[in-house]
Amino acid sequence: MPEVNPPPPEDEGAQRTEKLRIETELLRRQLTRSYRGREWAKAITGPVALVSLLATIYFAFSQINETLRARNGERFERTISRIGSTQAAERLSGVAGLQQFLKSGDPGRQKDTLQYLVNAAVIETDPTVRSAIVDIFVRLANSPASKEALDAALTSARDRNRALLKRYIDRFFATNIMIGVEMPRGSEFAEVPFGKLSAEDQAPLDATANIIAALV
């Protein structure tokens with residue numbers, strides 16, 4: 001077999017030089033990528049930290065608002081429960097407490113408050129408590145209640161007034177027919193017929209009428 005002669009020393013030196021150049025280039029590229037990565041990380045660290053801070057603040061305020069809504073809801077329920085008391089003084093205290101919810105910036109809560117007061121005016125039997133309810137509507141001009149809440153209260157008061165009136169008319173006709181009185185119809189009536197009402201029946205009719213007048 002022919003002998004294989006080793007490469008000349010010059011070739012070995014050239015190979016080592018080339019190998020060193022390649023390794024140096026690879027190291028340079030690795031260092032460049034590492035530097036760029038660090039610079040990119042530095043560039044996004046500020047915005048990421050800011051977003052994290054804003055998210056933390058947002059969730060903290062959301063939690064606070066949720067807690068406040070829950071507390072206001074509990075306070076509203078407690079106030080309503082006082083209006084359902086059998087004691088007139090307790091009901092009067094509940095009516096005074098409900099006024100505070102009209103000052104809130106929550107249109108939904110204002111709407112619920114006025115709706116409940118309209119209903120309370122219809123079923124209330126104590127003149128002092130009923131008068132206190134009507135007075136709230138009379139003073140609504142100085143209240144920050146929303147238009148939505150006021151419109152809803154007006155509609156509710158109108159509907160309650162009409163329902164009361166219909167009940168009295170139906171009762172008037174039914175009572176007179178039972179005793180054999182022939183009832184005229186249509187234009188033969190100069191006024192809406194429901195006869196003479198007791199003070200107990202007249203009071204809720206007057207209360208809803210006064211509420212409507214105040215809201216209009």
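The values are calculated or read from the model by the stated rules, or taken from the named source; none is laboratory data. In this text the structure is predicted, and so the values were computed from the model without any measurement. When we count neighbours, we look across all protein chains shown, and the Cβ atoms used for this are built from the backbone with ideal geometry, even at glycine. We work out accessible area using only protein heavy atoms, side chains counted, and drop any ligands, DNA or RNA first. Shrake-Rupley method; radii C 1.70, N 1.55, O 1.52, S 1.80 Å.
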* Structure fact -> Over region 85-107, the set of residues surrounded by fewer than 13 Cβ atoms within 10 Å (Cβ to Cβ) and closer than 12 Å to Thr125 by Cα is Thr86, Gln87
* To do: Scan region 144-171 for residues that are farther than 14 Å from Ile211 by Cβ and in contact with a Leu (Cβ under 9 Å, 6 or more places away or on another chain) and jot them down.
  => Pro144, Leu165, Tyr168
* Single residue of region 160-191 satisfying the filter (assigned to a loop (DSSP other than H, G, I, E, B) and open to solvent by 80 Å² or more (accessible area, probe 1.4 Å)) that is modelled with the highest pLDDT -> Ile179
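Which count do you get for residues in region 71-113 that are among the hydroxyl-bearing types (Ser, Thr, Tyr), touching a helix residue (DSSP H, G or I) at 6+ places or on another chain (Cβ under 9 Å) and not in a helix (DSSP H, G or I)?
Residues flagged as among the hydroxyl-bearing types (Ser, Thr, Tyr), touching a helix residue (DSSP H, G or I) at 6+ places or on another chain (Cβ under 9 Å) and not in a helix (DSSP H, G or I) within region 71-113 amount to 2.
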* Asked: Out of region 108-159, which residues are surrounded by 20 or more Cβ atoms within 10 Å (Cβ to Cβ) and of a type in the set (Asp, Glu)?
  -> Glu124
